[in-house]
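J.: Mind looking over this structure? Questions follow.
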Amino acid sequence: MTRFWYTKRSLGGQRGFTLIELMIVVAIIGILAAIAVPLYANMQARARIAKAQADIRGLASAVSVYTAHMGTLPSALGLLTAIATSPQNITAGPFMAAIPTPPSTAWTPSGNYSYAINAALGTFTISAVGDGATVSAP
């Protein structure tokens with residue numbers, strides 16, 4: 001039994017990794033990182049664009065409901081967060097809990113979504129610009 005504890009064991013001459021093996025591993029990790037970082041940055045930009053699209057669809061839907069209730073387009077997006085009384089004296093609203101903000105400070109210089117009305121046609125446009133893309137509805 002004591003022979004087991006005091007027997008000299010060797011690993012067959014292996015002492016660890018060679019410098020070449022370590023350099024190859026570091027090179028492979030560097031190549032993988034060089035591929036992954038741009039993909040991650042692109043994914044963030046696509047997520048910001050998707051958030052802007054979702055926000056604008058929600059705003060457009062609320063504007064449509066407001067227009068159906070009131071008979072006219074709202075003069076500003078802020079009216080969507082208030083209770084509105086129609087010409088028939090019917091109260092409804094708020095049509096949105098809060099006006100969403102753009103995905104980042106790089107979107108829209110004013111920090112809000114752009115809302116434009118064409119009174120002659122009775123149409124509206126909600127838009128935002130950022131990350132090399134323009135998102136608008138309808």
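The values are calculated or read from the model by the stated rules, or taken from the named source; none is laboratory data. Since the structure is predicted, the reported quantities are computational estimates derived from the model, not experimental observations. Counting neighbours? That spans all protein chains shown, and the Cβs are built from the backbone with ideal geometry, glycine included.
J.: Kindly provide the set of residues from segment 85-119 that are modelled with pLDDT of 85 or more, of a type in the set (A, V, I, L, M) and more than 16 Å from Ser61 (Cα to Cα), ordered by number. Walk me through how you get there before you give the answer.
T.: First, the residues of segment 85-119 that are modelled with pLDDT of 85 or more: 85-92, 94-103, 113-118.
Restricting the remaining residues to those that are of a type in the set (A, V, I, L, M) gives 90, 92, 96-99, 116-117.
Hit for segment 85-119 is Ile90, nothing else.
J.: If I filter segment 60-82 for residues that are surrounded by fewer than 17 Cβ atoms within 10 Å (Cβ to Cβ), within 18 Å of Val135 (Cβ to Cβ), among the polar types (S, T, N, Q) and modelled with pLDDT of 90 or more, do I get at least one hit?
T.: Scanning segment 60-82 turns up at least one residue that is surrounded by fewer than 17 Cβ atoms within 10 Å (Cβ to Cβ), within 18 Å of Val135 (Cβ to Cβ), among the polar types (S, T, N, Q) and modelled with pLDDT of 90 or more.
J.: Within segment 114-124, how many residues are part of a loop (DSSP other than H, G, I, E, B) and touching a Phe, Trp or Tyr at 6+ places or on another chain (Cβ under 9 Å)?
T.: We begin by selecting, within segment 114-124, every residue part of a loop (DSSP other than H, G, I, E, B); these are 119-122.
Checking which are touching a Phe, Trp or Tyr at 6+ places or on another chain (Cβ under 9 Å) leaves us with none.
The number of residues fulfilling the criteria is 0.
J.: Okay, moving on. Identify, from the list Ala34, Ala27, the residue that is farther than 30 Å from Pro103 by Cβ, modelled with pLDDT of 90 or more and assigned to a helix (DSSP H, G or I).
T.: On the way: Ala34 fails: farther than 30 Å from Pro103 by Cβ.
It is Ala27.
J.: Then there's this: Among the residues of segment 86-113, which ones are exposed (fewer than 10 other Cβ atoms within 10 Å of the Cβ) and part of a loop (DSSP other than H, G, I, E, B)? Please lay out each step first, then the result.
T.: Residues of segment 86-113 exposed (fewer than 10 other Cβ atoms within 10 Å of the Cβ): 87-89, 91, 97-98, 110-111.
Of everything in segment 86-113, those that are exposed (fewer than 10 other Cβ atoms within 10 Å of the Cβ) and part of a loop (DSSP other than H, G, I, E, B) turn out to be Pro87, Gln88, Asn89, Ala97, Ala98, Ser110, Gly111.
J.: Are there any pairs, at least 6 apart or on different chains, whose C-beta atoms fall under 9 Å, with the first in segment 16-28 and at negative phi and the second aliphatic (A, V, I, L, M), and if so, which?
T.: Final answer for the pair search is Phe17/Val25.
J.: Read through the list (1) surrounded by 14 or more Cβ atoms within 10 Å (Cβ to Cβ); (2) not in a strand (DSSP E or B), then give the number of the only condition that Ser127 fails.
T.: (2)
J.: Where the second residue is of a type in the set (S, T, N, Q) and the first is in a helix (DSSP H, G or I) and lies in segment 43-68, which pairs have Cβ atoms under 8 Å and are six or more apart or on separate chains?
T.: Listed by first residue and then by second, the contacts come to Arg48/Ser104; Ile56/Ser127; Ile56/Ser136.
J.: Could you list, in sequence order, the residues of segment 120-137 that are more than 20 Å from the chain's Cα centre (by Cα) and within 14 Å of Ala60 (Cα to Cα)? Quick ask: steps written out before the conclusion?
T.: Pass one, segment 120-137, residues more than 20 Å from the chain's Cα centre (by Cα): 120-125.
Residues satisfying the conditions are Gly122, Thr123, Phe124, Thr125.
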